[in-house]
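First up is the structure itself, then whatever we jot down about it.
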Amino acid sequence: HPEWPAEKANQPFERLPVLVERSNGDEWILCESLTIERYLARVFGFMPTDLKQAALQEQMADQQADLAPAFMAQLMATDDMKSKQIDEFNTLLDRIVKEHGRILSRNSSKQHLFGDQLSYADISLYAFYKVYIVYLKIYQSNIDEIVKPKLTPEIINLILSIEKEPLLAPHLSKCDSMAAVLTSKAF
């Protein structure tokens, strides 16, 4: 964006994204994606008030975030390192998918990771798989072929149920549907 070089120094830590709240003439600014996610999850009641339960959901989001550097490393690796970086990416992805399955299997409500209501963890999981199955195809055309086969039916059902959540459906319907991608014959 053309204004970014001039604006960069005005942003906290010179980073984006930035959330700006204005109220009664006061301005409050928050940056860093995961920090903004967690703040908004608390504001809108998607984060548990119990500190230990909230920490479990935040831990899951942090583990998912760890996959981004591994994805970039395998994408940018030189030929001599490509195989090693792909193996590291797949190992970490397998670990994350396995943990999602473990958390889901422990919850009696198979429509949510924790408890029986939509939570930060559910939204985070949905966004995680949407990024890796839909949006990162512009960087690696076969990424969906790597990620989709690893998903269990339970994880797929959770993703599809999140897309149908009354609070999210009006917003998610404005972008690519995971239901269409996950239920296609190619899957």
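The values are calculated or read from the model by the stated rules, or taken from the named source; none is laboratory data. Model, not experiment: these values are computed from the prediction. Here the Cβ positions follow ideal geometry from the backbone for every residue, glycine too, while neighbour counts run over all protein chains shown. Heads up: the accessible areas ignore ligands, DNA and RNA and are worked out on the full protein's heavy atoms, side chains in. Shrake-Rupley method; radii C 1.70, N 1.55, O 1.52, S 1.80 Å.
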*Which members of the range 58-82 meet the condition of being open to solvent by less than 60 Å² (accessible area, probe 1.4 Å) and either touching a Cys at 6+ places or on another chain (Cβ under 8 Å) or outside any helix (DSSP H, G or I) (or both)?*
Ala77
_Criterion first (more than 18 Å from the chain's Cα centre (by Cα), of a type in the set (Gly, Ala, Ser) and under 27 Å from Leu158 (Cβ atoms)) does Ser33 satisfy it?_
no
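Out of all the residues in the range 83-102, is one or more within 22 Å of Leu40 (Cβ to Cβ) and crowded, with 19+ Cβ neighbours inside 10 Å? Break it down stepwise before answering.
Let us first name the residues in the range 83-102 that are within 22 Å of Leu40 (Cβ to Cβ), namely 100.
Next, from what is left, pick out any that are crowded, with 19+ Cβ neighbours inside 10 Å: 100.
Looking for residues that are within 22 Å of Leu40 (Cβ to Cβ) and crowded, with 19+ Cβ neighbours inside 10 Å, one finds at least one in the range 83-102, hence yes.
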_Between a residue in the range 64-83 that is free of Cβ contacts under 8 Å to residues at least 12 places away in the same chain and more than 17 Å from Phe128 (Cβ to Cβ) and any residue that is in a helix (DSSP H, G or I) and among the polar types (S, T, N, Q), which pairs come within a Cβ distance under 9 Å, given they are 6 or more apart or on different chains?_
Met76/Gln85; Ala77/Ser83; Ala77/Gln85; Met81/Gln74; Lys82/Gln74
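Please determine, by comparing only the residues of the range 1-28 that are closer than 25 Å to Asp66 by Cα and part of a strand (DSSP E or B), which one is modelled with the highest pLDDT.
Let us first name the residues in the range 1-28 that are closer than 25 Å to Asp66 by Cα, namely 11-19.
Cutting the leftovers down to part of a strand (DSSP E or B) gives us 18-19.
Numbers: Val18: 88, Leu19: 92.
Of everything passing the filter in the range 1-28, Leu19 is modelled with the highest pLDDT.
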*So, in the range 152-184, of the ones that are open to solvent by less than 40 Å² (accessible area, probe 1.4 Å) and of a type in the set (Asp, Glu), which residue ends up farthest from the chain's Cα centre (by Cα)?*
Glu165
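Taking the condition out of contact with any Pro (no Cβ under 6 Å at 6 or more places or on another chain), small (Gly, Ala, Ser) and within 20 Å of Leu160 (Cβ to Cβ), does Ser83 pass? Break it down into steps so the answer makes sense when it comes.
Numbers: out of contact with any Pro (no Cβ under 6 Å at 6 or more places or on another chain): yes; small (Gly, Ala, Ser): yes; within 20 Å of Leu160 (Cβ to Cβ): no.
Answer is no for this residue.
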*Looking at the range 107-116, is at least one residue over 27 Å from Asp144 (Cα atoms), in contact with a helix residue (DSSP H, G or I) (Cβ under 6 Å, 6 or more places away or on another chain), crowded, with 18+ Cβ neighbours inside 10 Å and touching a residue at least 40 places away in the same chain (Cβ under 8 Å)?*
no
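For every residue, the table says whether it meets (1) at pLDDT 90 or above; (2) out of contact with any His (no Cβ under 8 Å at 6 or more places or on another chain).
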| site | (1), (2) |
| --- | --- |
| Phe114 | yes, yes |
| Leu125 | yes, no |
| Gln140 | no, yes |
| Pro166 | yes, yes |
*Which ones in the range 29-50 are assigned to a loop (DSSP other than H, G, I, E, B) and not small (Gly, Ala, Ser)?*
Glu32, Phe44, Phe46, Met47, Pro48, Thr49, Asp50
*Could you please give the count of residues in the range 117-129 that are open to solvent by less than 20 Å² (accessible area, probe 1.4 Å) and under 22 Å from Leu93 (Cβ atoms)?*
8
*asked:* Looking only at the range 12-54, count every residue that is over 30 Å from Glu165 (Cα atoms) and surrounded by 15 or more Cβ atoms within 10 Å (Cβ to Cβ) and tell me the total.
replied: 0
